[in-house]
Amino acid sequence: MDATVGALAALLNGEVLGDAELPIRKVDSLDNADAVTLSFMGGGTKLRALDACRAGAILVGSGRIDDLTPELRERFTFLVVEDALDAFLLILQRERPPRPRANIGVSPQAIVAESATIGERTNIHPGATIGEDVVIGCDCEILSGAVIGDGCRIGDHSTLHPRVVLYPDVELGERVILHAGVVVGADGYGYRLRDGRFEKIPQLGSVRIENDVEIGANATIDRGMIGPTVIGEGTKLDNLIMVAHNCQIGKHNVFASQVGLAGSTSTGDYVRIGGQTGIADHLRIGSNVALAASSAIHKDVPDGETWAGYPARPVEESFRILMAQGKLPEMRTRLRDLEKQVKRLSAELKRTPDSEAA
Amino acid sequence: MDATVGALAALLNGEVLGDAELPIRKVDSLDNADAVTLSFMGGGTKLRALDACRAGAILVGSGRIDDLTPELRERFTFLVVEDALDAFLLILQRERPPRPRANIGVSPQAIVAESATIGERTNIHPGATIGEDVVIGCDCEILSGAVIGDGCRIGDHSTLHPRVVLYPDVELGERVILHAGVVVGADGYGYRLRDGRFEKIPQLGSVRIENDVEIGANATIDRGMIGPTVIGEGTKLDNLIMVAHNCQIGKHNVFASQVGLAGSTSTGDYVRIGGQTGIADHLRIGSNVALAASSAIHKDVPDGETWAGYPARPVEESFRILMAQGKLPEMRTRLRDLEKQVKRLSAELKRTPDSEAA
Amino acid sequence: MDATVGALAALLNGEVLGDAELPIRKVDSLDNADAVTLSFMGGGTKLRALDACRAGAILVGSGRIDDLTPELRERFTFLVVEDALDAFLLILQRERPPRPRANIGVSPQAIVAESATIGERTNIHPGATIGEDVVIGCDCEILSGAVIGDGCRIGDHSTLHPRVVLYPDVELGERVILHAGVVVGADGYGYRLRDGRFEKIPQLGSVRIENDVEIGANATIDRGMIGPTVIGEGTKLDNLIMVAHNCQIGKHNVFASQVGLAGSTSTGDYVRIGGQTGIADHLRIGSNVALAASSAIHKDVPDGETWAGYPARPVEESFRILMAQGKLPEMRTRLRDLEKQVKRLSAELKRTPDSEAA
């Protein structure tokens, strides 16, 4: 890269606060920046991230202009644009172009059943395994070590990263991305106790993953017992998430990492769940619900509500409880004081003639 | 499928509430049912699951007969049998027969050490790797991408799904099922701080998994430091569970997903643990113990008890605390009111002559 | 093994409490010991672990000499040394010598890009996949099923266990150990909502793992959005841990299993985190911080502090709150009693003439 802040401002339709002649040689994060780096401050970046930053110039959205104190303007040149993320990605992707897509087709080092159907321009990388009767669409990437069970169907433009496992008869829509180590369609956790032993209940349903779903590394989605477990269109699941059998996840949900849903629970659309939150079985989480991180959900949550806590409650209620919890030791002391005072009052009152007469 | 509810009732020794002539073309879950579907209501199915259900007929156990309101009987034909799950599985397995077992033997595309011993009728699928001195029993399935370390022993009729990893010298009993991505025998997490650096403590024990154990996708069972980590006979572990080094898990335990046990903890027999619960190290969990989901266990739990909460306590105690927590903000208000009243009373009492004399 | 306790004491420079002539045939854990076994009691071993122990002799550190009651000395012969772990490992490693290192080089059954550079004495095991432009140092072990993406760099003496996945352009230092199923460099979880759909934000950073890091089975470390996610030198992460994009983990940290860190959080050096603890995004955890297991961290934690709880607070504060929580039901009763007493007192006071006059 060989530019000036001013030239980049012209390209991005932005405004320079500082030295427009400053040379820019690379783009990088605030932590990794030096004097010839253009770096980036997002909407969520805390100002303290600039404390030890040595960037020459920082791209920032016009929405944060009030944060740019005189002292900061002294230290950095700012390039202010309307949408800082868009602008930064434009530069970053130009600086770090993706490797050209490999033109592999079906690798001779892949293991592909003769009955499988592979679409045009799809790459089956060396070391991938494709079972009987599998149908894979066009423009897909099936990376090394992925194992696709018999009878699976994969829509166009999907990517299965290394070591993804699909058990038999799983269905993926188009533009689905499954990250490394994801397991889709393992048996749901169903047993019944008979004569002192847990007997396996066959899990004869499957999994349907709709268009534009992305699932993070080492997450697991179990197959249904009778019908399919469903991950709705556009939903994004982070790493190490567990979705148990028979769950019906709605469209455009976003779940952070290590979230767990027990069996047969459903969610509406646009549900957001923070990391590590657990949801009990057979519950209904409404549309547009937000659940805070580290919560434990034991009840249905109605549409549009935000819940938090252990056990989870509507967030205002939960917040009041958490605030009061912080005061608990003090409350204990105050309660003890009150008891003493009341005892003393009571004794004193007993000593007043009328009271004793009562 | 081409039957009537009446014909199925005859087959299943059941009773029809409704239209015995209703044609049945398929079996499916309540969510996926249409007018010619036989669906299924289990012991745990909530009645609201029928709200939007369009099934023609529903198989149900006689134990739920009181739930079948006149309105429900109006909407659906019910097929009532003694054991609904048994009956439904009979039909479902007939409708969805498993693929015939492949007759692969040792695939030429598998990587098998010459010193390994493979039992009769065992399939080593393409892309599986079998180390030196491994002994695998009869009628096993070792699926693609599984990696079996040197010296492992696997009992008859066991199934290792794709990408299971056994580190060296792990022992599996008979009829063990390990789902995709399970890792057994990785080094326990043992270090000691020396001169400012954590030095690895060699983990020279192993793992013993007894007969009829099933372990869910991407779960991890670490090897012991000296002796074996043990998973007792008949125990079923769900996905993404962590069992640390030296744990001794009893027989017929059932742990839901994302449970974590720290090192050297033991459980008795018939222990049930809800999802995401964590158990500290060196604890003893007695037999027939139940631990609620999302609990944090910091103490031993005696035989037969049910614990819950954060930190966990006996469930009645924990429940009383949780109930009281819900009242905390109100309690704060009441405490403040009381303080005011007592202050006022105190002032008033001071003004009574006798009190002042006291 | 064919020794006596006395002979071992001479070897280990230890003292025998009991029968120095006792024959020792093997070494094993307390659970697995018999009359001719030398077993081991560490600094953290609880005395009750000896209740059902049948070991002939037990190696123990001099620091625990006061725990060895007359009754225990009656039951066991003790071999007392200064550093019991060191001494036991010496014996154990002699009894269980590791398998000799395989001399494989680049296996013809591995899939290795021509542009990859592999150091001397490095083993690329059968079924491993090495991408374009990868550089691997000397004396490394890349085990079966590992998938190394294009452009990765791996330092000398590193071990990648079966099925480790490195996405492209990940950097590992020297003596790094990644256990089976670890995924490094998957896309960070970044989206933005546009016109009702979550649009993927490209994750163009990478991951840098420094020297002497060890990461447990099935853990996941996501790549940064712009710069690298960093795991600092000497840090040890347990199984099933999640480190989100842009995190900067310091040196010599130890995190127990199932811990989760949300995006852009940093830790200092020598941070210890107990199992299942979750940390929110964009936080700073100072050096020498300890966070208890099962905690939920929503705030920065200053250097040197120990925090615990849900939500986490400094441990003394948290402990007082937890203690008070245990008293909550009792506090409710006491509050109710007080209210009654105050009401009665108030009524009584009203009936005293002076009070009524007031």
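Relative contact order (percent) for chain C, with alpha-carbon contacts under 8 angstrom and 6 or more residues of separation?
Normalised by residue count, the contact order of chain C is 6 percent.
Using only the Cα atoms of the range A:3-95, build the gyration tensor, take square roots of its eigenvalues as a ≥ b ≥ c, and label the shape rounded, prolate or oblate: rounded if a/c is under 1.5, else prolate if a/b is larger than b/c, else oblate.
In terms of gyration-tensor shape, rounded.
In sequence order, what are the phi-derived ³J(HN,Hα) couplings for the range C:49-61 according to the Karplus relation 6.51 cos²θ - 1.76 cosθ + 1.60 with θ = phi - 60°, rounded to whole Hz, with x for glycine and proline?
Here the 3J(HN,Hα) series is 5, 8, 3, 9, 7, 10, 4, x, 10, 10, 7, 9, x Hz.
Between rounded, prolate and oblate, where does the range A:127-177 land on the alpha carbon gyration tensor, with a ≥ b ≥ c its root eigenvalues, rounded for a/c under 1.5, else prolate if a/b exceeds b/c?
It is oblate, given that a/c is not under 1.5 and a/b is not larger than b/c.
In the range C:111-317, with Lys and Arg counted as +1 and Asp and Glu as -1 at Cβ, which of these residues, C:ILE136, C:LEU172, C:ILE285, has the Cα nearest the positive end of the dipole, that is, farthest along it?
C:ILE285
Exposure proxy check: C:MET331, A:MET225 ranked by fewest other beta carbons within 10 Å?
The order, fewest Cβ neighbours first, is C:MET331, A:MET225.
Which lysines, on any chain, are close to A:LYS251 with Cα under 16 Å apart, when same-chain ones fewer than 8 places away are left out?
Within reach: A:LYS236, C:LYS200.
Please give me the summed charge of the neighbours of A:ASP150: other residues whose Cβ is under 9 Å from its Cβ, Lys and Arg +1, Asp and Glu -1.
-2
Note down the net charge around C:LEU204, summing +1 for each Lys or Arg and -1 for each Asp or Glu among other residues with Cβ under 9 Å from its Cβ.
Net charge around C:LEU204: +1.
Return the aspartates and glutamates within reach of C:LYS299: Cα separation strictly under 20 angstrom, same-chain partners fewer than 8 residues apart disregarded; answer none if there are no such residues.
A:ASP51, A:GLU316, C:ASP269, C:ASP281, C:GLU316, C:GLU317
How much of the DSSP beta bridge set in chain C is antiparallel, as a percent to the nearest 5?
Of those bridges, close to 15 percent are antiparallel.
Using the crude model of +1 on Lys and Arg Cβ and -1 on Asp and Glu Cβ, and no other charge, please compute the dipole size for the protein assembly as shown relative to its Cα centre, in debye to 20.
That gives the protein assembly as shown a dipole magnitude of about 3160 debye.
Starting from 0.36 nm per residue, how many nanometres of slack lie between C:HIS298 and C:LYS350 once their C-alpha separation is accounted for?
13.7 nm
Run down the lysines and flag those whose C-alpha is under 29 Å from the C-alpha of A:LYS350, throwing out any fewer than 8 positions away in its chain.
Result set, ordered by chain and number: A:LYS340, B:LYS340, B:LYS343, B:LYS350, C:LYS340, C:LYS343, C:LYS350.
Label the range C:206-291 by shape, choosing from rounded, prolate and oblate, from the square roots a ≥ b ≥ c of the eigenvalues of the Cα gyration tensor; if a/c is under 1.5 it is rounded, and otherwise prolate applies when a/b is larger than b/c, oblate when it is not.
Cα axes put the range C:206-291 in the rounded bin.
At 1.002 mPa s and 20 °C, plugging the Kirkwood radius over alpha-carbon pairs of the range A:130-265 into Stokes-Einstein gives what diffusion coefficient in µm²/s?
Calculated translational D: 146 µm²/s.
Considering only the protein assembly as shown, what is the antiparallel percent among its DSSP beta bridges, to the nearest 5?
That works out to approximately 15 percent antiparallel.
Would you calculate, for chain A, the mean residue ellipticity at 222 nm contributed by helices, counting each DSSP H stretch of 4 or more residues as -39,500 (n - 2.57) and dividing by all residues, to the nearest 500?
For chain A, the value works out to -5500 deg cm²/dmol.
Work through the residues other than B:CYS140 whose Cβ is under 13 Å from its Cβ and net out their charges, Lys, Arg +1 and Asp, Glu -1.
Net charge in that neighbourhood comes out at -1.
Pull out the extension gain between C:SER287 and C:ASP2, defined as 0.36 nm times the separation in residues minus the alpha carbon to alpha carbon distance; nm, one decimal.
97.8 nm
When the expected Rg is taken as 2.2 N^0.38 Å, what fraction or multiple of it is the alpha-carbon Rg of chain C?
Relative to the rule-of-thumb radius for its length, chain C sits at 1.41.
Can you pull the mean other chain C-beta count within 10 Å for peptide A:243-253?
2
Whole number please: convex hull volume per residue of the Cα set in the range B:1-52, in Å³?
Output value, Cα hull per residue: 89 Å³.
Could you list A:ILE111, A:ILE209 in order of exposure, starting from the residue whose Cβ has the fewest other Cβ atoms within 10 Å?
A:ILE111, A:ILE209
Let me know the charge dipole size of chain C about its Cα centre in debye, to the nearest 20, where only the beta-carbon of Lys, Arg (+1) and Asp, Glu (-1) is charged.
Charge dipole of chain C: 1560 debye, to the nearest 20.
Collect residues whose amide H, placed 1.01 Å from N in the peptide plane, falls under 5 Å from the amide H of B:ASP303; neighbours closer than 5 in sequence don't count.
B:GLY286, B:SER287
Which order results if C:ILE148, C:ILE226 are arranged by neighbouring Cβ count within 10 Å, fewest first?
Going from sparsest to densest Cβ surroundings: C:ILE226, C:ILE148.
Provide a whole-number value for the mean count of partner chain Cβ atoms within 10 Å of the Cβ atoms in peptide A:309-315.
Taking all residues of A:309-315 together, the mean is 3.
Can you give the Rg to Rh ratio of the protein assembly as shown, both from alpha-carbon atoms, with Rh computed by the Kirkwood formula?
1.01
Charges on Cβ only, +1 for Lys and Arg, -1 for Asp and Glu, centred on the Cα centroid of chain A; of A:VAL36, A:LEU338, A:HIS157, which one is farthest towards the dipole's positive end?
A:LEU338
Show me, for the range B:151-159, the HN-Hα J-couplings you get by feeding each phi into the Karplus relation (A = 6.51, B = -1.76, C = 1.60, θ = phi - 60°), rounded to Hz, glycine and proline as x.
Coupling constants for the range B:151-159: x, 6, 10, 10, x, 4, 6, 9, 10 Hz.
FYI, it's all coordinate maths here, none of it is from the lab. Since we're looking at a predicted model, the values are computed, not measured. Glycine gets a Cβ as well: all are built from the backbone with ideal geometry, and neighbour counts include every protein chain shown.
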